[in-house]
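The values are calculated or read from the model by the stated rules, or taken from the named source; none is laboratory data. Computed from a predicted structure; not experimentally measured. Here the Cβ is made from the backbone with ideal geometry for all residues, glycine too, and neighbour counts use every protein chain on show. When the accessible area is computed, the model is the full protein with side chains, heavy atoms only, and any ligands, DNA or RNA have been set aside. Shrake-Rupley method; radii C 1.70, N 1.55, O 1.52, S 1.80 Å.
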Amino acid sequence: MAGSSGHSPSSMTTHLETRDLTIRFGGHVAVDSVTCAFRPGELTAIVGPNGAGKTTYFNLISGQLRASAGKVLFNGEDLTRLPASLRARRGLGRAFQLTNLFPNLTVGENIRLAVQATRGVHYEMLRVWSGRSDLITRADAVLGEVALAPRRNVAAAALSHGDQRKLEVGMMLALEPAVFMFDEPTAGMSVDEVPVLLDLIASLKRDRSKIILLVEHKMDVVRSLADRIIVLHNGRLVADGAPAEVIASPIVQEAYLGAAPGKASAA
Amino acid sequence: MMILSGDKPRSLVLSVLLAAVFLALAFAPFLFPGSKPLNVAAKICIFALLVASYDLLLGYTGIVSFAHTMFFGIGSYGVALALFNYGPSWTMIVLGVLIALPLAAVLALAIGLFSLRVQAIFFSMVTLAVASAFAVLASQLSWLTGGEDGRSFQVPPALRPGNRLFEGEIFGVALNGRVVSYYLVFVACLVLFLLLLRIVNSPFGRVLLAIRENPFRAEALGYRIVVHRTLANVIAALIAAAAGALNAIWLHYTGPETSLSFSIMLDILVMVVIGGMGTMYGAVLGAALYILAQNYLQALMGSVSSAAASAGLPLVPGLFHPDRWLLWLGILFILSVRFFPTGIVGRLRQRATKA
Ligand SMILES: Nc1ncnc2c1ncn2[C@@H]1O[C@H](COP(=O)(O)OP(=O)(O)O)[C@@H](O)[C@H]1O
Ligand SMILES: [Mg+2]
């Protein structure tokens, strides 16, 4: 797939863009005129302090919130007014910061529902669900990718926090989207669980056709994975560029990373 | 297993109970001869189906409708008015059903599209309003509906008590039109119940469960939850209308009390909660238990009361006076909710998984 940076967006390549994207909650502007374009094959890390508007920016892109102003454009189509369901069908995948599962269904069923959604099996009423072996086979493959195969028959609510995070990501993988939005995927995970997820994100990068957005606080993770970093502060996009450059910039050093400039750029 | 849609009872006790209810209903005319037991059996069949269709909404989709009796009533009145006005023939039964079912579907679709995109509570309020308006309408349009008195009508000759399938008896029971009517009700209810069981165990049904669990996530996966909820509402309405049609055929009568009243709505709610929401099988047990209590608890209490009175016990005769049967039903309901919050079926399955 063609996807080198600087390539002009055509109908053939995946292209996601926000223009002056804004949302106000009462008087509070949570996302403020954010204009940014994302290219396939590029992993963009979105950083900024808590409350900066990162999750809200995701919600505007994937449709959980409607913009007060501005636009979301995807492959040349204006998605701004579309409900979340139709954006998901267009290929926008989302894993939530606050784990968001079907708690009383099993791990396998959670994944299978995502597979089913993406295969368009929405209204089939007269066939037995458990007889759809095509859905089960694909769900099993995804379970393997997120290392949850042994937990297949456990209710999602009964999983450990780390496993719930993996399931959250697994449901997005099962959608086979064109855009992956990870919202702090490793938050609260124990150290030994993190590598599985990082390997997974790295493997997605290898498929040069995908757009990957990653909100992440751990700077070592950002450094190792990101091709580009954008910084949000009070809802505004305040920095955008190559990782080394953004991390070294004074504004990031002082306000968001809290590290001494020399230390960060040396790493 | 094909016919059960792969959704097994998953508990030995539950399987035995369901088999017992099924066999009792399947052979009711022979096991419990007499007109009252047959009435009770037919009512259990019809309500098991009605409650199951309500469970599709409450238990599987997580929406609370108060319009279920309206759809039940539409089916009842459809068949009743066709037979009353145009004479007792099978054609009129078919005509009544062919008018009632589309009407129920269109109303359910309209209510769904109008209110299900807003909050769930709004849907509940709209169903309450529409159902109340419909009940008022049915009693006001007395030239058509017979008002509060309802309509009594003749059924096709094959279904009349005087009709004999053949001379002679089977196990001492004459196969008259009443028995034929009963089997019409029984088979229709069974087929429609199995259809519901199939629907809740289909890919569509699993999405309904997902929506009940977490509508926000279901939407994020790409499911249009308004469409799913509306479809569930339409299916539930169609089945309720079919149950209503069977009820009219069985009773040879339709009136507000037997098809539209709010007390039927309460009965449905009680049955679905006792049996266990979101299980389908719960509808069968809930309906059987509740209707048996409704019909025999009073008699049972009467005999306890008079026995206690003749034994000279204080207080007990008054406590068990047949007029207090609703009080006891209420107490039984509270106890069952307290001890089986997931209903009988939920409780039995829980025990089975632990064992
Ligand atoms: N639905 C909402 N209603 C009101 N305020 C909100 C809502 N969602 C987010 N906010 C506010 O928007 C700001 C950005 O929040 P968020 O996007 O969650 O930050 P981040 O993900 O960067 O930590 C916060 O001040 C938050 O309180
Ligand atoms: Mg956040």
Checklist entry - What's the average, rounded to a whole number, of partner chain beta-carbon atoms within 10 Å of each residue's beta-carbon in B:212-219? => result 6
Item to check | Theoretical gain in end-to-end length, B:ILE121 to B:ARG324 [0.36 nm per residue, Cα-Cα removed] | outcome: 69.7 nm
Checklist outcome for this item: In the protein assembly as shown the DSSP beta bridges are antiparallel at a rate, in percent to nearest 5, of 60 percent
Checklist outcome for this item: Over 24 Å (Cα to Cα) among A:LYS71/A:LYS205; A:LYS54/A:LYS210; A:LYS71/A:LYS166; A:LYS166/B:LYS8 -> A:LYS71/A:LYS205; A:LYS71/A:LYS166; A:LYS166/B:LYS8
Next on the checklist: In chain B, once you exclude exposed chymotrypsin sites (Phe, Trp or Tyr not before Pro) (DSSP loop, at most 15 other Cβ within 10 angstrom), what's the longest stretch remaining?
Outcome noted: B:172-355
Checklist entry - Let a ≥ b ≥ c be the square roots of the eigenvalues of the Cα gyration tensor of the stretch B:35-95; is it rounded (a/c under 1.5), or, if not, prolate (a/b larger than b/c) or oblate? => result oblate
Checklist entry - So how exposed is B:VAL118, as accessible area in Å² (1.4 Å probe, rounded to 10)? => result 80 Å²
Next on the checklist: One quarter of the convex hull surface, Cα atoms only: what value does that give for the stretch B:117-184 in nm²?
Outcome noted: 8.4 nm²
Checklist entry - Using a basic spin-label model with each label point 7 Å from the Cα along Cα→Cβ, how many nm lie between B:ALA311 and A:ARG66? => result 6.9 nm
Item to check | Residues along the stretch A:83-110 losing 50 Å² or more of accessible surface when the other protein chains are present rather than the chain by itself (probe 1.4 Å) | outcome: A:SER85, A:ASN100, A:PHE102, A:LEU105
Checklist outcome for this item: Carbon/sulfur accessible area of chain B, % of total, 1.4 Å probe, equals 73 percent
Next on the checklist: From Cα pairs below 8 angstrom and at least 6 apart in sequence, can you work out the relative contact order of the stretch B:242-355, rounded to a whole percent?
Outcome noted: 27 percent
Checklist entry - How much space per residue, in cubic angstrom, does the convex hull of the C-alpha atoms of the protein assembly as shown take up? => result 210 Å³
Checklist outcome for this item: One quarter of the C-alpha convex hull surface, i.e. the mean projected area of the stretch A:102-176 in nm², amounts to 4.6 nm²
Checklist entry - Within the accessible area of the stretch A:84-225, what % is carbon and sulfur when the probe is 1.4 Å and the other protein chains stay in place? => result 53 percent
Checklist entry - Averaged over peptide B:194-206, how many Cβ atoms belonging to another chain are found within 10 Å of each residue's Cβ? => result 5
Checklist entry - Relative contact order, percent, of the stretch B:12-354 when contacts are C-alpha pairs under 8 Å separated by at least 6 residues? => result 30 percent
Checklist entry - Considering only protein heavy atoms, what per residue accessible area in square angstrom results for the stretch B:258-355 with a 1.4 angstrom probe? => result 52 Å²
Next on the checklist: Before I look further, what does chain A give for accessible area per residue, probe 1.4 Å, in whole square angstrom?
Outcome noted: 41 Å²
Checklist outcome for this item: So the B/A interface buries, both sides summed and with a 1.4 Å probe, an accessible area in Å² (nearest 100) of 2800 Å²
Checklist outcome for this item: Under a 1.4 Å probe, counting only protein heavy atoms, B:CYS189 has an accessible area in Å², nearest 10, of 10 Å²
Next on the checklist: What would the Debye equation give as log₁₀ I(q)/I(0) for the stretch B:12-354 at q = 0.09, 0.13 Å⁻¹, counting only Cα atoms as equal point scatterers?
Outcome noted: -0.52, -1.05
Next on the checklist: Taking each residue in B:222-231, count the Cβ atoms of any other chain within 10 Å of its Cβ, then average. What number comes out?
Outcome noted: 5
Checklist outcome for this item: Expected output for the stretch A:116-158, residues with a loss of 50 Å² or more in accessible area relative to the chain alone at probe 1.4 Å, reads A:HIS122, A:TYR123, A:MET125, A:LEU126, A:VAL128, A:TRP129
Checklist entry - So what are the stretch B:298-355's ellipsoid semi-axes, whole angstrom, largest first, if each one is the square root of 5 times an eigenvalue of the alpha-carbon gyration tensor? => result 33, 12, 9
Item to check | Mean Cα-pair separation over length for the stretch A:1-140, i.e. relative contact order, pairs under 8 Å, 6 or more apart, % | outcome: 20 percent
Checklist entry - Between A:SER203 and A:ARG223, what length in nm is gained on full extension when 0.36 nm per residue of separation is reduced by their alpha carbon distance? => result 5.6 nm
Next on the checklist: Working only with C-alpha atoms, what are the Rg and Dmax values of chain A, expressed in angstrom?
Outcome noted: 18.8, 65
Next on the checklist: Could you tell me the calculated FRET efficiency between B:SER35 and A:THR106, based on Cβ-Cβ distance and R0 = 56 angstrom, to the nearest 0.05?
Outcome noted: 0.70
